[in-house]
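Everything below concerns the one structure shown next.
The values are calculated or read from the model by the stated rules, or taken from the named source; none is laboratory data. Predicted model only: the values in this text are computed from it and were never measured. Every residue, glycine among them, receives a Cβ derived from its backbone with ideal geometry; neighbour counts consider all protein chains shown.
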């Protein structure tokens, strides 16, 4: 009755016929699952789905199946200052996965243009940094503090980056370095990637 009164049952995320996202996470039928939170109608739906996905992945951790969790626009999923109960759940699960997930095969890749809006305990657990152009001196100073293994002078250089230039540091390179990205390999939208790629092996 409470769910009905709150209008939760009217959300578009419930479907009596479509396959369950939670079931897909527990018993994957493909190598890649994309959860498009941006297509949902309300922030509450986005927060609920994000919390459900991260909670399910954490519950399944003991299978020790390697999983790369990519969170684009991470400030929306693991906010530095979560406002509602669902937002607090997704932020807490993201922190837990960032801190402890690797020993279970759960790896987190967080992407954002607003690093100061991402929960600090997610950012501080990152072993690698790929930093593209940033103009905010405050954001750069904060990143320099959190990624203390990167020389401050290199971080400061991010204000002058042009398209395709980045600072890469961490375990993926022996030494922090500026890099220039090459041209895209696939056509936009991945139209040249066969659909069979996502099928189980």
Query raised in the report: Within the range 75-94, which residues are over 11 Å from the mean Cα position of the chain (by Cα) and in a loop (DSSP other than H, G, I, E, B)?
Result: 80, 81, 82, 83, 84
Report task. Look at residue 62 and say whether it is touching a helix residue (DSSP H, G or I) at 6+ places or on another chain (Cβ under 9 Å), farther than 27 Å from residue 10 by Cα, without any contact (Cβ under 8 Å) to a residue 60 or more places away in the chain and assigned to a helix (DSSP H, G or I). Result -> yes
Report summary line: Within the range 147-198, restricting to residues that are surrounded by 10 or more Cβ atoms within 10 Å (Cβ to Cβ) and at pLDDT below 85, the one that is nearest to residue 132 (Cα to Cα) is 190
Report task. Of all residues in the range 51-74, count the ones that are surrounded by fewer than 13 Cβ atoms within 10 Å (Cβ to Cβ) and either more than 16 Å from the chain's Cα centre (by Cα) or not assigned by TED's automatic domain parsing to the domain that holds residue 28 (or both). Result -> 4
Report summary line: The residue that is surrounded by the fewest Cβ atoms within 10 Å (Cβ to Cβ), considering only those in the range 23-43 that are within 18 Å of the chain's Cα centre (by Cα) and within 19 Å of residue 93 (Cα to Cα), is 34
